[in-house]
Each structure stands twice: as structure tokens, then as C-alpha cells.
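Beneath this line is the structure, given in C-alpha cells, with notes to follow.
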Amino acid sequence: MTLNLDDELADWATKEAQRLRSLESNARAHGGRLRAPAITMRGQASAALEFLRRYASDTQFLAAAEACFDRSSPADAAHALQRVAEILELWKAFIKDGMAQALPFPVQARIEAATDLMEQVQQLISDAKVHPAAPVVLAGAALEEFLRSKVAETGVTVTGKPGISSYSSALRSSGHLSAQDVKDITAWAGQRNEAAHGEFGKLSPQRAQLMVDGINLFMRQKTPNTQTP
């Protein structure tokens, strides 16, 4: 069986936790407490700390592991190793539960809102009695909400007035969008503006459908854990 990266990392975390527990156990078996400077114990845990810096940066797992040695003394150095072992095992459970790939709730909520809007867009565009301006404006709103979710997800800095243009520029500058993505987004935003400003002569059901199809494809491609058919 071929292991994926998460499996390999989890396996390493398990083995390192066992090694740290063995050090702690041996120390207590030969004197009850580990009589060594805290800096020495930090050295014993250095591989685990570096592992968490690489694969759990900016998380409570790393913060908790580093804190184990902040106030260590010879009396509690062994306990620090045990605590780091526990943190590695908690990180492993976190990974195995798929939580590392889960989006923050506000980001997920915005993606779901954009998806819901696009479902309404399709209903409007399928109704021959509805002018194409209506689904075009709503599709533009869905696109803006989706881009805003990507800004929140990636943490990029947006300059200027919030909106489709500033969101796409920030995501492009940070490498999260391609030049073709921005070109498509600019075209969709232009069509949205035509509808919003009453330039109905430039609109048609066919152009509206192309816009909707393009935005739906773009959203699927840029949303984690989705596949383009």
C-alpha cells in the first residue's frame, strides 16, 4: 500500500512520540525525575519542535509544544518530554480526522453563499420571462462573494475599494490567480456592470449563459476538495 504525505507524517509523529515517552520513562526509572537542564531536554525534543514548525506553523500545537520548555526546571523536564509526545499524538489525530484541510467557518460560509447564489442564477436564466440582466447581476454578486472568500482564506492584503477588481488584483499579485483567471474575471465584471447600468442592448441570454457557465467552472476549480468533471 502506498502512503500519502499525511500518512507518512502521522507515522513519524507516532514514532517520535514513542521515543520521547521512552526517554521520559527511562528517566523516571533511574531516579524518579530527570535531573538535567531544561535546555538539554529541549534538545531532546528539537526534532519534534522542528516538525511542528514545518507542518503545524501558526497553530496551538506548535505554541503548546514550545511552551513546554519556557519555564522548565530539572524537576519537570521529564514531564515536558511527555507533554510534547502528547501534543504530537493530538496533532496526528487532528490530521487523521481531516481537520487540517477544513476551511475556517467564515470562509466556508462565504463559499456556500456564493454557491447558493449561483443556483438562483441558474433558475433565473432558465426562465424565458426573466431579462438576462437579472441573472447577470446576481452572478456578479456571487463572483464577488466567492473572491472575498478566497481573500479571507489566503489572508492576502487588499488595497483600494473592496470589490471584484481589488479582490482579483490582490489574489493575482499573491499568485493565487493566473493571468487568464483575471482576464476572465474582468470580462465577467464588465458584463455585470453593463447590466447594473442599464446597458441592456449589450446583453443576451446566450452571453449570460456563457458568463454563468464560466463562473461556475471557475468556482469549482478554485474550491478545495472539488473536481472539475
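Each reported figure results from applying straightforward, stated rules to the coordinates on display, with no laboratory input. Everything numeric in this text was worked out from a predicted model, so none of it was measured.
List, in order, the whole-Hz ³J(HN,Hα) value for each residue of the range 158-168 obtained from phi through the Karplus relation with A = 6.51, B = -1.76, C = 1.60 and θ = phi - 60°; use x for Gly and Pro.
In residue order, the calculated couplings are 9, 10, x, 5, x, x, 4, 5, 5, 5, 5 Hz.
Which ³J(HN,Hα) values in Hz, rounded to whole numbers, follow from the phi angles of the range 169-183 under the Karplus curve 6.51 cos²θ - 1.76 cosθ + 1.60, where θ = phi - 60° and Gly and Pro get x?
5, 5, 5, 5, 4, 8, x, 8, 10, 8, 4, 5, 4, 5, 4
Quick one: what are the phi-derived ³J(HN,Hα) couplings along the range 112-128, Karplus 6.51/-1.76/1.60 with θ = phi - 60°, whole Hz, x for glycine and proline?
Result, ordered by residue: 5, 5, 5, 5, 4, 4, 5, 5, 5, 4, 5, 5, 5, 6, 7, 9, 5 Hz.
On full extension of the chain, what length is gained from ALA113 through SER173, given 0.36 nm per residue of separation minus the C-alpha to C-alpha distance?
That works out to 19.1 nm of additional length.
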